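Following: one structure in C-alpha cells, then a few remarks.
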Amino acid sequence: MALMTGKTLSLIKRESFFDDAFFTDAWEDFDKAVQSILDKFDNSGLQVDVGSRSQCRDVYSKIRSSKIDEDLYASQALQITEKDGKFQAVMDVKDFSPNDLQVRVVDDRVVVEGKYCKKSEDGSTVSSKSFYKEFTLPNNADIDAVSTALSKDGVLTVKAPKREGDGAKPAGALTTSTSTVQQSSSSVQQSSSVSSSSVKKVSMSSSSTFSSSSSSSFSNKSSLDDMAKDMQDRLVFSHENVNLKLPGGQ
C-alpha cells in the first residue's frame, strides 16, 4: 500500500499575533484557548479579555514552560471552530522549531507536524519529541483552499473556507467539548531520548458535525423509535417469558 503524503502547505509568516490585523478573526479563538489552559492549571480566577490579555498570556507562558516536558499537549493553547461552514484552528506552536513545522492536507484531513527539542542544562545532550496533530475537516470545507499562517510569536492558524454551492449542507458549531474535540490517550506515546523521538498522535474530529451521514440518519426518527421499541419488546419477551403459554393457545 502506497504511503499517502498529501499536499504540503506553505506557511505564511506574519508579524506578532495580536499586532497583525491578518489574525483579527482568530484573536477571540486564541483568547478562548488560553482561557481553557488557565482554567485547567491556574486557580487565581484570571479571565482573558482585551484589558487582561497581556497578563493572562504571561501566566499561560509560565504554565506552558513548566508543563511541556511532562506532556506536549495538555498545556497547549488550541481552539477549533467551524463558523458558517468555514473551518479554523488556532494553536500555540511557539515551542516547536519553525524549520521542522509542517502542515499537510491528506484526503479530508489537515495534519500538523513538528519537533520539540530541549538541551540539557550543561548543553551536552539534546532530547527531542515529535509533535503531531490531525484534524478532520467538515464535509463542505474546500480542501483545495486550505491556508496556514504563522505569527512571529508562534501562533499557527489553519483555515479552510466553505466550498461554493454547498449551502444545502448544514453544519453545526464546533466547541472544545469531549464530544467534538477528542484526545485519544490510548494511542498516545511519547519518549525523550537523544537518539530518537516518538510520535504522539492526537486525532481531532467531530462525530456530529463532520459525519456525512449525520444529517440524514435520523430523518425518520419516529419510525426508528417504533422499530427499536418493537425489538426491545421482542427481546424482553424472549428473555423473561420464554416458558409462558401465550393467550389463545399459541
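Summary table below
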| quantity | calculated |
| --- | --- |
| Check on Asp84, loosely packed, with under 13 Cβ neighbours inside 10 Å, touching a residue at least 12 places away in the same chain (Cβ under 8 Å) and out of contact with any helix residue (DSSP H, G or I) (no Cβ under 7 Å at 6 or more places or on another chain) | yes |
| Selection from the stretch 29-58 of residues that are closer than 22 Å to Lys152 by Cβ, buried (at least 19 other Cβ atoms within 10 Å of the Cβ) and of a type in the set (A, V, I, L, M, F, W, C) | Phe30, Ala33, Val34, Ile37, Val48, Cys56 |
| Test set (1) touching a Lys or Arg at 6+ places or on another chain (Cβ under 8 Å); (2) of a type in the set (Gly, Ala, Ser); (3) surrounded by 20 or more Cβ atoms within 10 Å (Cβ to Cβ) - Ala26 fails condition number | (1) |
| Residue that is surrounded by the most Cβ atoms within 10 Å (Cβ to Cβ) [pool: residues in the stretch 1-23 that are under 28 Å from Asp71 (Cβ atoms) and aliphatic (A, V, I, L, M)] | Leu9 |
| Unique residue being touching a Cys at 6+ places or on another chain (Cβ under 8 Å), free of Cβ contacts under 8 Å to residues at least 60 places away in the same chain, over 30 Å from Gly165 (Cβ atoms) and not in a loop (DSSP other than H, G, I, E, B) when the list is Gln55, Gln35 | Gln35 |
| Residues being closer than 23 Å to Lys40 by Cα and touching a residue at least 60 places away in the same chain (Cβ under 8 Å) - total across the stretch 89-101 | 6 |
| Members of the stretch 110-123 that are without any contact (Cβ under 8 Å) to a residue 40 or more places away in the chain and in a strand (DSSP E or B) | Glu113, Gly114, Cys117, Lys119 |
| Single match in Val111, Val106 (criterion: farther than 20 Å from Phe17 by Cα, surrounded by fewer than 16 Cβ atoms within 10 Å (Cβ to Cβ), at pLDDT 90 or above and not charged (D, E, K, R)) | Val106 |
| Yes/no for Phe23 being touching a Ser or Thr at 6+ places or on another chain (Cβ under 7 Å), closer than 16 Å to Val93 by Cα, in a helix (DSSP H, G or I) and touching a residue at least 12 places away in the same chain (Cβ under 8 Å) | yes |
| Out of Ala74, Ala89, sole residue that is part of a loop (DSSP other than H, G, I, E, B) and in contact with a Lys or Arg (Cβ under 9 Å, 6 or more places away or on another chain) | Ala74 |
| Failed condition for Lys119, given (1) over 26 Å from Ile63 (Cβ atoms); (2) in contact with a strand residue (DSSP E or B) (Cβ under 6 Å, 6 or more places away or on another chain) | (1) |
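The values are calculated or read from the model by the stated rules, or taken from the named source; none is laboratory data. Here the structure is a predicted model, which is why all the values come from computation and not from measurement. When we count neighbours, we look across all protein chains shown, and the Cβ atoms used for this are built from the backbone with ideal geometry, even at glycine.
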